[in-house]
Amino acid sequence: RVLFRSFYQKFSPYVSNALPWIWSGFDIGIRYTNQINGKKKYNANVSRAIKKAENNKLETQEHDDIELLYYLQKTTFLKKKLRYPFESRVMIKIYEEAMKRNVGKIYAVVDDKNEVYSMNFIFGNEDIKYYLFAANNPKYDNCGAQQLCLRAAIDKTLEEGSRSEEHTSELQSRVDIS
């Protein structure tokens, strides 16, 4: 019998039952990735939030301020009394490398005065995109801005011919056990 303290394992998308691992005494963390394959169907809550943002005359645009995204994300963590998991230089380095390779975009939801309500950073190539970082401006919680921002990123990704991987709503789930 082999004994070990821990290991990290990513399973195939077709592995959807973690119970045997739990029954064997493993502590697991399950992360879900939702795949969107050209369908623009949102659940009722997401659709309602998007409509709310649009009624407030918010719009989505490409943005380039990674430091603002970091600030908003860190502020959200601190507001919830959570420790922020990394320093700004990590996010900035990821962004700079993505920009060098033309594989990343920041989207922001803004009002008519260019005030940022929400931001997200999408990363990937022509085959697949990932939703890496997102944040809401704490002054504007519950206005539908994040859903609008995510929808714009998904729509742009589908226009470019990529499939999109995101981490918030529906469609075909995959399980990543770590």
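Quick look at the numbers
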item	result
Cross-link pairs Lys100/Lys129; Lys80/Lys100; Lys57/Lys129; Lys57/Lys93; Lys52/Lys100 - those with Cα-Cα distance over 25 Å	Lys80/Lys100; Lys57/Lys129; Lys57/Lys93; Lys52/Lys100
The stretch 50-64 - phi-based ³J(HN,Hα) in whole Hz, Karplus 6.51/-1.76/1.60, Gly and Pro as x	4, 4, 4, 5, 5, 5, 7, 6, 8, 9, 9, 9, 5, 9, 9
Segment Ser12-Asp127, length gained on full extension (0.36 nm per residue, minus Cα span)	39.6 nm
Relative contact order (%) - criterion: Cα under 8 Å, at least six apart; region: the stretch 57-157	30 percent
Protein-only accessible surface order, largest first, of Lys129, Lys52 at 1.4 Å	Lys52, Lys129
Accessible area (Å², 1.4 Å probe, nearest 10) - Glu54	80 Å²
Local net charge near Glu62, Cβ-Cβ under 9 Å (Lys/Arg +1, Asp/Glu -1)	+1
Which of Ile22, Ile66, Ile94 is most accessible, then next, and so on - probe 1.4 Å	Ile22, Ile94, Ile66
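The values are calculated or read from the model by the stated rules, or taken from the named source; none is laboratory data. Worth saying up front: this structure is predicted, and the values here are computed from it rather than measured. Glycine gets a Cβ as well: all are built from the backbone with ideal geometry, and neighbour counts include every protein chain shown. Accessible surface areas use protein heavy atoms only, side chains included; no ligands, DNA or RNA. Shrake-Rupley method; radii C 1.70, N 1.55, O 1.52, S 1.80 Å.
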